[in-house]
Amino acid sequence: MPTPTPRVSVRTRRVALIMLAVVTFSLVIAATVVTYQRRQPPLQTINYSQLYSLAETSGAVALQVEGETLTVTRSDGSRQEATVTGEAAQHEIVQLFRKQNVPVEFRPLQPGFLVSSLNWLLPVLTLAIIGFAGWRIYASMSGKGSFELTDHNGQQNVGFDDVAGVDEARAELSETIEFLRNPERFSRLGGRVPRGILLYGPPGTGKTLLARAAAKEAGVAFLAASGSSFQEKFAGLGAARVRHLFAKGRKLSPCIIFIDEIDALGRQRGRGGDSASADQDQTLNQLLVEMDGFDQSSAVVVIASTNRPDILDRALTRPGRFDREIAVDLADVGGREAILKVHARNLKLEDGLDLQWIARGTPGFSGAELANLMNEAAIAATRDDAEAVGRKHVEIARDRILMGAERQGFMMDDDERYATAVHEAGHVAVGLAVENGDPIHKVSILPRGRALGVTQSLPERDRFMKKREYLEDQIALLLGGRAAEQILLATMTAGASNDIERAVEIARKMVSEFGMSRLGPIHLGNGDQPTSQSLLDRIEEATNELINEQLERARDIVSAERESIGRLVELLMERDTLDADEILSCFNNSKNVRAA
Ligand code: ADP
Ligand code: ZN
């Protein structure tokens with residue numbers, strides 16, 4: 001995951017240095033040439049008749065002819081220059097000077113300064129470019145320059161103060177930190193310290209942050225690389241990079257080597273026969289070799305992170321390699337509050353703004369999303385010219401994150417707005433009618449992101465277990481838009497395509513992973529036992545059945561709620577965005593009303 005802390009990579013710095021050297025060198029040479037040319041006495045330009053009279057009186061001691069330019073040197077050392085075109089005229093003048101016994105020197109035409117500098121500038125530049133390219137190729141061949149060293153002195157800018165809501169993971173790391181602080185003591189006591197730690201969990205939960213903080217806590221250097229940077233165009237380069245990374249780590253010992261997105265290089269080996277996957281296997285093998293090669297004396301700990309632990313090659317997690325696995329999960333409500341506190345540190349909050357309230361309204365948000373939320377709220381407050389960040393700004397920020405930014409200047413005509421309103425009203429009607437859904441929070445027909453309208457529901461609590469009824473309601477809710485189009489507009493719009501995609505995704509999971517269809521519990525084969533085509537066909541069929549069932553249900557709800565939907569559409573056309581109370585006011589005479 002990207003981290004906001006600026007990191008200067010070793011490679012960028014070195015490139016900058018070399019560029020600087022080349023530029024300085026060229027400037028020095030240019031300056032020397034210019035001063036050298038300037039050292040001759042200044043020239044005065046005269047016209048042809050002045051030159052002619054000079055030729056007649058004997059005021060000159062030398063004459064130079066260079067193309068059309070004639071330069072006279074006087075006895076006092078001063079020089080004068082005149083332009084004489086035409087061979088005959090030149091010849092006449094030259095004869096006159098010769099008569100006065102003035103020596104005449106014919107010089108080959110001198111190119112101008114720019115042209116003459118090209119003479120040396122070109123080869124120098126060419127050399128510089130060749131050198132630079134060669135260096136780059138060398139650097140990439142030897143596997144250098146693909147990773148970042150954040151700090152040599154353990155002066156990390158991220159500490160455990162900046163990571164919240166991941167106390168368990170943090171506690172699990174404490175032994176490692178202890179070891180890095182005092183490796184001798186550990187080996188004397190004969191303790192076996194895990195050298196490889198795998199942090200796994202959804203993106204944005206603070207895995208990178210934890211690894212950095214551990215380095216700071218231990219006061220050691222932090223060497224970071226991304227798994228994807230080992231995927232190389234040239235065969236064998238990935239392996240060379242791994243070798244180089246570990247060599248560097250050993251040199252910096254004690255240190256932490258962090259490999260982000262290790263799944264990019266640690267996928268199961270021997271899948272495809274193509275050369276790319278063969279090269280990847282080689283890279284992974286190199287990593288295994290390096291992990292095995294740690295001796296007791298070197299204080300290097302490798303931390304890797306992934307959100308797909310399931311696809312990792314099993315060899316990676318064998319003893320002596322990444323044999324400690326630490327889950328970094330989405331935070332619960334208390335954890336979210338703690339994370340919010342970290343990111344509200346430098347913000348001025350209104351008195352009425354309670355972080356716990358925000359935490360309750362953001363189930364499923366990752367640490368990165370919470371950081372983003374506080375940032376967006378601060379921006380909204382600034383735009384508002386407000387003294388402090390208030391509830392209103394947090395609401396704006398949350399809508400932005402959940403629904404995408406409003407698209408400014410994108411105008412729908414009234415027909416489109418009406419169709420969008422009907423579609424969204426269908427979602428709302430179904431969302432209110434189903435029993436197990438999340439309460440409807442907001443509906444809008446302002447285009448946001450790629451969507452023309454949005455219906456937003458918010459879980460009232462963290463959901464750790466998803467029941468069959470919840471998933472079915474979810475599918476019905478997604479199809480509510482299409483149902484309303486069919487019934488109230490007697491047409492269908494392409495705007496429902498994303499809804500349908502998501503609905504089918506849920507339905508397929510219910511069938512093929514959760515065993516919630518008439519097929520019962522079924523298992524999809526993996527590489528060793530491929531899934532038969534007939535099973536795939538049956539899964540597709542059962543998925544369709546589920547979808548059609550729920551579409552039928554959504555249509556029933558929409559038919560029953562026609563009047564309320566009509567009122568909602570009208571209000572939406574008028575106000576663009578409605579909150580829970582406004583939504584409820586349209587549905588006041590229906591039985592099953594639940595909103596947030
Ligand atoms: P990951 O590596 O798990 O994908 P990161 O560690 O890169 O996630 O997190 C990205 C950003 O999100 C961090 O820089 C930080 O601002 C914020 N963040 C994520 N998790 C937390 C957390 N637990 N506490 C505080 N901030 C967090
Ligand atoms: Zn929709």
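The values are calculated or read from the model by the stated rules, or taken from the named source; none is laboratory data. These numbers come from a predicted model, not from an experiment. Every residue, glycine as well, gets a Cβ built from its backbone with ideal geometry; the counts of neighbours run over all protein chains shown. With ligands, DNA and RNA removed, areas are computed over all heavy atoms of the protein, side chains included. Shrake-Rupley method; radii C 1.70, N 1.55, O 1.52, S 1.80 Å.
Descriptive notes on the structure:
- Annotation: amide H-H contacts under 5 Å for Ile440 (H modelled 1.01 Å from N, sequence separation of 5 or more, or interchain): Ala596.
- Summarising the amide proton neighbourhood of Arg267: residues at separation of 5 or more, or on other chains, whose placed amide H is nearer than 5 Å comprise Asp313.
- Two-site FRET efficiency, Asp413 against Arg567, from Cβ-Cβ distance with R₀ of 25 Å, rounded to 0.05: 0.65
- Residue by residue, the range 349-359 carries 3J(HN,Hα) couplings of 9, 5, 4, x, 8, 10, 4, 5, 4, 5, 4 Hz when phi is fed to the Karplus relation 6.51 cos²θ - 1.76 cosθ + 1.60 (θ = phi - 60°); x denotes Gly or Pro.
- Each residue, Ile129 and Asp581, gets one label point 7 Å from its Cα in the Cβ direction; the gap between the two is 6.9 nm.
- Note on Ser58 and Asn346: the extension gain reaches 95.1 nm, defined as 0.36 nm multiplied by sequence separation minus the Cα-Cα distance.
- Point-to-point label distance, Ile311-Arg74, nm (Cα→Cβ direction, 7 Å offset): 8.6
- Accessible-area value, Arg195, 1.4 Å probe, nucleic acids and ligands omitted, Å²: 20
- Rounded to the nearest 0.05, the FRET efficiency derived from the C-beta distance between Trp357 and Asp292 at R0 = 51 Å is 0.50.
- Estimated from the Cβ-Cβ distance and a Förster radius of 22 angstrom, the FRET efficiency linking Leu535 and Glu505 is about 0.75.
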